[in-house]
Amino acid sequence: MQKLLRTPQINRGFKGLLIHLLALCLPLLLLISCATKPPTDSKPFPHYQTTAPQQKLGLGFYQQGIASWYGHPFHGCPTASGEIYDMHALTAAHKELPLGSKVLVTNLENQHQIEVVINDRGPFIKNRIIDLSLTGARRLAMENNGTAMVRLDITELPKSISDSLKNPFAIQFGAFKNHAQAVAMQKKVAQSNSKVFIEKVSHGDEPLYRVRLGWFPSKAAAHREARRLGHRGAYVFRR
């Protein structure tokens, strides 16, 4: 009789323990499911076609596609440019555009426009081309939807990029494993043009020293200078 009475006590204890464990684990399971839920776009964009970015940087139209925005918990964190992210500033993240570029963003659904500075990298979700700040999203009236189809036009490039676009060509007089040989070539060319420089690059496990002169607005201009310096067969390249 004593043995028969003990069995329901064990069952009640086991059931209580099971209920307690389920109560503890349920919030964790819900949290994991939320964290691993794949992102979804708020709606499809059947009337617009996504375009790839231009192969060559230049002012004007660059790209068309889906924009999103980001705020907390990134507010106050460093961006790819080293600046601290301010979700109240007119900045944005882009995968390829040079940091410091200025872009005119047009919401193709309502024609609202803003100019933003690219200071971060992203977005890292498929089919999205730009991540705007919270203020940027509000100005384009896309905060609630989360995404919008936009057009990107480059209005300004960083000075270093602008200069390279204006003068993209250079002359290479040689590439040397021996630094002393590279210096000797540099000194020889410098007698006629002091802008010659040495560029050090990695070549396998050893350094390589390139003797170069630049920059020129056209390939023909670079070839003319190479001939003037007595290096008709020098390699002319575009950066």
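The values are calculated or read from the model by the stated rules, or taken from the named source; none is laboratory data. As the structure is a prediction and not an experimental result, all values here were calculated from the model. Glycine gets a Cβ as well: all are built from the backbone with ideal geometry, and neighbour counts include every protein chain shown.
A few remarks follow.
- Subset of the range 191-231 that is surrounded by fewer than 14 Cβ atoms within 10 Å (Cβ to Cβ) and among the aliphatic types (A, V, I, L, M) - its residue that is modelled with the lowest pLDDT: 201
- Qualifying positions in the range 111-127 - hydrophobic (A, V, I, L, M, F, W, C) and outside any loop (DSSP other than H, G, I, E, B): 114, 116, 117, 118
- The selection criterion, being within 31 Å of the chain's Cα centre (by Cα) and of a type in the set (Ser, Thr, Tyr), holds for residue 209.
- Residue-level analysis places residue 90 among those that are of a type in the set (A, V, I, L, M, F, W, C), modelled with pLDDT of 90 or more and in contact with a helix residue (DSSP H, G or I) (Cβ under 9 Å, 6 or more places away or on another chain).
- Strands (runs of 3 or more DSSP E) wholly inside the range 128-235 containing at least 1 residues that are over 17 Å from residue 114 (Cα atoms) and not polar (S, T, N, Q): 128-132, 169-176, 197-203, 206-216
- Residue 55 vs. criteria surrounded by 10 or more Cβ atoms within 10 Å (Cβ to Cβ), at pLDDT 50 or above and either under 18 Å from residue 136 (Cα atoms) or not hydrophobic (A, V, I, L, M, F, W, C) (or both): no
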